[in-house]
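Below is one structure, written out as structure tokens, with a few remarks after it.
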Amino acid sequence: MSRILIAEDELRISSFIEKGLAAAGLATVTVRDGTDALDFALTGDFDLLLLDIGLPGIDGYEVLRSLRAQECTLPVIVLTARDSGEDVLASLGGGANDYMAMPFRFDELLARVRLRMTDAVRVTGAVPVIEASLEVTGLRLDLRTRRAAVGDRQVDLSAREFALAEEFLRNADQVLSREQLLSRVWGYDFDPGSNIVDVYVGYLRAKFGAARIETVRGMGYRLR
């Protein structure tokens, strides 16, 4: 199983990322300061680093500079609330492989994680375990091409519909609350009073068949 190192000192954000990556089949370890981030990243035990710039101790820029100075080629995606052009250039110029400004959607983060890990395979020849597809009772999602099928019939899904469908297939027969789906698919900075989950479940029912996604009263939804 691929292992992701998360260097993030804000508990709400790190918990959101941990849960989403675990649901995607990726193992995580989280550290809260720059010193630990550097030490853990240099062990060689991880396939990718998600690095917050605003870490206590030594900041993310210094972690990144130290890694590259020691010829560590671990892929790094910088996560930060700073989104100025100077910060982007500083991150990429310092050796980051990618950059995401907060708040971000988890489906976009996951897509970038998979992309950077695939890039690492091309460079190093290492082969992390990255799932190619998900299939549950006739529903199939191709995680590389982002295509969906019901039996032999191809189904067109928007990016957000695909992310929601992926959560259901990864958690088949489990009840997922609206809050869980909002957090994992729409991001940690969500409006808990929104009905957007119900709207998108309706879209998936129309495309997959209404009986496939069951409403569990007072709890949420379940893919049967």
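The values are calculated or read from the model by the stated rules, or taken from the named source; none is laboratory data. From a predicted model like this one, the values you see are computed outputs, not experimental measurements. Positions of Cβ are generated from backbone atoms using ideal geometry, with glycine treated the same way; all protein chains shown enter the neighbour counts. In case anyone asks, the SASA skips ligands and DNA or RNA and just uses the protein heavy atoms, side chains included. Shrake-Rupley method; radii C 1.70, N 1.55, O 1.52, S 1.80 Å.
Return yes or no: is R146 free of Cβ contacts under 8 Å to residues at least 40 places away in the same chain and in contact with a Phe, Trp or Tyr (Cβ under 6 Å, 6 or more places away or on another chain)? Answer is yes for this residue. If only residues of region 191-204 that are out of contact with any Asp or Glu (no Cβ under 9 Å at 6 or more places or on another chain) and open to solvent by 60 Å² or more (accessible area, probe 1.4 Å) are counted, the one that is modelled with the highest pLDDT is N195.
Residue check: is R170 charged (D, E, K, R) and over 28 Å from L79 (Cβ atoms)? No, not satisfied. Of the residues in region 61-98, how many are at pLDDT below 90, outside any strand (DSSP E or B), surrounded by 15 or more Cβ atoms within 10 Å (Cβ to Cβ) and of a type in the set (S, T, N, Q)? Total meeting the criteria: 2. Which members of region 42-60 meet the condition of being of a type outside the set (D, E) and either in contact with a helix residue (DSSP H, G or I) (Cβ under 6 Å, 6 or more places away or on another chain) or open to solvent by 30 Å² or more (accessible area, probe 1.4 Å) (or both)? L42, T43, G44, L48, L49, L51, I53, G54, L55, P56, G57, I58 - these are the residues of region 42-60 that are of a type outside the set (D, E) and either in contact with a helix residue (DSSP H, G or I) (Cβ under 6 Å, 6 or more places away or on another chain) or open to solvent by 30 Å² or more (accessible area, probe 1.4 Å) (or both). In summary, L157 fulfils each of the numbered conditions (1) in a strand (DSSP E or B); (2) under 24 Å from A22 (Cβ atoms) with the single exception of condition (1).
Is it the case, given these coordinates, that E131 is modelled with pLDDT under 80 and more than 13 Å from the chain's Cα centre (by Cα)? Criteria met by E131. Looking across region 159-190, the residues that are of a type in the set (G, A, S), modelled with pLDDT under 90 and in contact with a Phe, Trp or Tyr (Cβ under 8 Å, 6 or more places away or on another chain) come down to A163, S183, G187.
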